[in-house]
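The values are calculated or read from the model by the stated rules, or taken from the named source; none is laboratory data. The shown structure was predicted, so the numbers you read here are calculated from the model rather than taken from an experiment. Cβ coordinates were reconstructed from backbone atoms using ideal geometry, including for glycine residues, and neighbour counts include every protein chain displayed. Each accessible area value is taken on the protein alone, full model and side chains, heavy atoms only, with ligands, DNA and RNA left out. Shrake-Rupley method; radii C 1.70, N 1.55, O 1.52, S 1.80 Å.
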Amino acid sequence: MSAMTARSPVRLFLQRLFRRKLVLVAVIILLVIVLLAILAPWISPYSPTGMRVSQRLRPPSLTNWFGTDEFGRDVLTRIIYGGRASLGIGVAVVMCTMLAGTVLGLIAGYFRALDAVIMRLVDAMMSLPDILLAIFLVAVLGASAGNVVLALSIVYTPRVTRVVRSSTLVVRELPFVEAARALGVSTWRIMTMHILLNVASPILVQATFIFAYAVLAEAGLSFLGAGVPPDIPTWGTMIAAGQQYADRAVWLVLFPGLAIVFAALSLQLLGDGLRDMLDPKLRKAL
Amino acid sequence: MFAALARRLAGMLIVMFIVATMVFFLTRLAPGDPAALMLGEQASLADVAELRKTYGLDQPVIVQYALWLKELLRGNLGQSIFLQRPVIVAIAERAEPTFFLALLSILVATAIGVPAGIASAVWRGRASDQAVSGGAMLAASIPSFWLGLIFIQFFAVRLGWFPVAGYGPPGASFAERLYHLMLPASVLGIVNSALITRFTRASMLDVLNEDYVRTARAKGLSEARVILRHGLGNALVPIITVVGLTAALLVGGAIVTETVFGLPGIGNLVVSAVLRRDYPVIQGALIVIAGIYVLINFSIDVMYTLVDPRVKY
């Protein structure tokens, strides 16, 4: 490639990312889901809480594309609104885990003395299945959307910590870090400016995967009754509520589940594409 | 080798100790007095105080912790608040469905993942490879409880091939109980096949490029023999690892799946304990499950030495 290109870095980044068509499709699906969730009040055909008992349990039709639920509410509308809670929880979990995991991982990777302590804790937490630890934490904290975010953040932080730590261990030994240290750059500045910037790619890849896991886990928790209270529409609570009508009105379960599958699948495809692009070495490992 | 295994064993015990400590102190964060919870709303203050004393809840937290650890070392996980029996007994009673569900699911996941992974490695880059990779990612994006509900509607309610839920009537034969596990095991196996598929593909790709595979082909062995004996035979270690890891992950997936299918297993026990705030049961189940996970990981390490003579500690 010639040294000087007129293209902006953002465009170059997207061009490389979308070289695989499937990643482009995934990003488009994701954008549609996110836009629907953001624009919910303006584009939803009905009110998410508007009950019309005369219209209850109607199968999918031209007026109600995804049918209606046991209170005659429009399922499509509720899925669009449910995306707000489900994706919102996912975003919040991603932000919390990125912050906590990065800080812990940097500390573990940079300060040898604290490494053993932090990593033993990480090992212990990762010896419990995600969903089990999450159920336990929500049980202790109380079931609410905020506590679901807190619980899932605690559950997924060890993954980020591990990734950041192992990258930090590699980067800290590189000559440019040594050079910075020799020049008298403070530890804080080395960690934030030199190491953090160089471990950003694996963090970004983890973020997309954790987003997908969080959407799946939130649905699982809400389904088990240990998550978001049932009166808030999320994809998980919708499936939980629709379950008992499943033999008469399978659309109550089918469509919210498909929303989860589409969201999680496109996030994982995006994560895969990012990993391919940012670290071709990892491609072989997985 | 024994020194290394002993070191791994020590590491395992440390992890279990941390899990136990974490579980103990996190439970103490829960709102509400366990004694009051145990006695119900009608209990008098005196009764609650009495019970707090019996359970040592009037002691400082650190003393309670020491006591709890001591009992734990003796295998005592405490008493269930609602089930009127020791936690360890409650868990043991529910172990059978969970064990066989996990076992059948891992069989399903392996039966899907290993052949799919081999196929996509052998036909690398072709349409079948892409279909397998896409399928694996799709499987990992499906919530198991949702797939369970859909399968119940289709295979049990519409087609009537499988029972809708449960573990058979009391006294049901072993075959009948296994029959009840077919549908849940398929769901759990499909959802958990992705990791096995990807690892099998990756390790087969590595092995198929080795010189000895070329030699095997050169001396005129059939392609099937080359792939299965020389290829798969040498890719077994990573595949065993990932099957073991999947087995450990399945324990978590089983919790949700058991609830969907109404199986009286450990998962169901945990979920009802959470809904009833039966903390001793939750604590006990967490410790037992973490123990299983750690043990599986340890067994994987031991198996390495058996399968691959090159691995020496």
Worksheet item: without any contact (Cβ under 8 Å) to a residue 24 or more places away in the chain, of a type in the set (A, V, I, L, M, F, W, C), farther than 30 Å from B:Gly291 by Cβ and open to solvent by 40 Å² or more (accessible area, probe 1.4 Å) - does that describe any residue in segment B:169-180?
Response: yes
Worksheet item: Does B:Val207 satisfy the condition of being farther than 30 Å from A:Ala219 by Cβ and open to solvent by less than 20 Å² (accessible area, probe 1.4 Å)?
Response: yes
Response to the item:
Within segment B:244-267, restricting to residues that are more than 10 Å from chain A (Cβ to nearest Cβ) and surrounded by fewer than 23 Cβ atoms within 10 Å (Cβ to Cβ), the one that is farthest from the chain's Cα centre (by Cα) is B:Gly262
Fill in: Boolean, B:Val108 is away from chain A (no Cβ under 11 Å), under 26 Å from the mean Cα position of the chain (by Cα), in a helix (DSSP H, G or I) and at pLDDT 90 or above
yes
Discussion item. I need the full set of residues from segment A:229-260 which are small (Gly, Ala, Ser) and open to solvent by less than 10 Å² (accessible area, probe 1.4 Å), in order please.
Written reply: A:Gly236, A:Gly242, A:Ala246, A:Ala249, A:Gly257
Worksheet item: From the residues in segment A:223-247 that are facing another protein chain (nearest Cβ under 10 Å) and touching a residue at least 24 places away in the same chain (Cβ under 8 Å), which one is farthest from A:Gly142 (Cα to Cα)?
Response: A:Gly242
Fill in: Residues (part of a helix (DSSP H, G or I) and either within 11 Å of chain B (Cβ to nearest Cβ) or buried (at least 20 other Cβ atoms within 10 Å of the Cβ) (or both)) located in segment A:132-146
A:Leu132, A:Leu133, A:Ala134, A:Ile135, A:Phe136, A:Leu137, A:Val138, A:Ala139, A:Val140, A:Leu141
Response to the item:
Apart from one, (1) under 15 Å from A:Ala263 (Cβ atoms); (2) open to solvent by 20 Å² or more (accessible area, probe 1.4 Å) all hold for A:Leu114; the odd one out is (1)
Worksheet, complete the sentence: Okay, helices (runs of 4 or more DSSP H) sitting entirely in segment A:1-106 with 1 or more residues that are farther than 24 Å from A:Asp272 by Cα and out of contact with any Asp or Glu (no Cβ under 6 Å at 6 or more places or on another chain), I get A:21-38, A:40-43
Discussion item. Being within 30 Å of A:Val32 (Cα to Cα), of a type outside the set (Val, Ile, Thr), at pLDDT 85 or above and over 20 Å from the mean Cα position of the chain (by Cα) narrows it down to one residue among A:Arg120, A:Arg78, A:Arg73; which is it?
Written reply: A:Arg78
Worksheet entry | Residue match in segment A:184-205 (condition: within 30 Å of A:Ala85 (Cβ to Cβ), of a type outside the set (Val, Ile, Thr), surrounded by 22 or more Cβ atoms within 10 Å (Cβ to Cβ) and at pLDDT 85 or above) | no
Worksheet item: So is A:Val163 in contact (Cβ under 8 Å) with a residue 60 or more places away in the chain, in contact with a Gly (Cβ under 6 Å, 6 or more places away or on another chain) and either assigned to a helix (DSSP H, G or I) or of a type in the set (D, E, K, R) (or both) or not?
Response: no
Discussion item. Condition first: within 12 Å of chain A (Cβ to nearest Cβ) and of a type in the set (A, V, I, L, M, F, W, C). Now tell me which residues in segment B:181-195 satisfy that.
Written reply: B:Val191, B:Ala194, B:Leu195
Item to complete: Output the residues belonging to segment B:41-87 that are under 33 Å from the mean Cα position of the chain (by Cα), assigned to a loop (DSSP other than H, G, I, E, B) and free of Cβ contacts under 8 Å to residues at least 12 places away in the same chain.
Response: B:Arg74, B:Gln84, B:Arg85
Discussion item. Quick check on A:Val122: is it more than 7 Å from chain B (Cβ to nearest Cβ) and either in contact with a helix residue (DSSP H, G or I) (Cβ under 7 Å, 6 or more places away or on another chain) or open to solvent by 10 Å² or more (accessible area, probe 1.4 Å) (or both)?
Written reply: yes
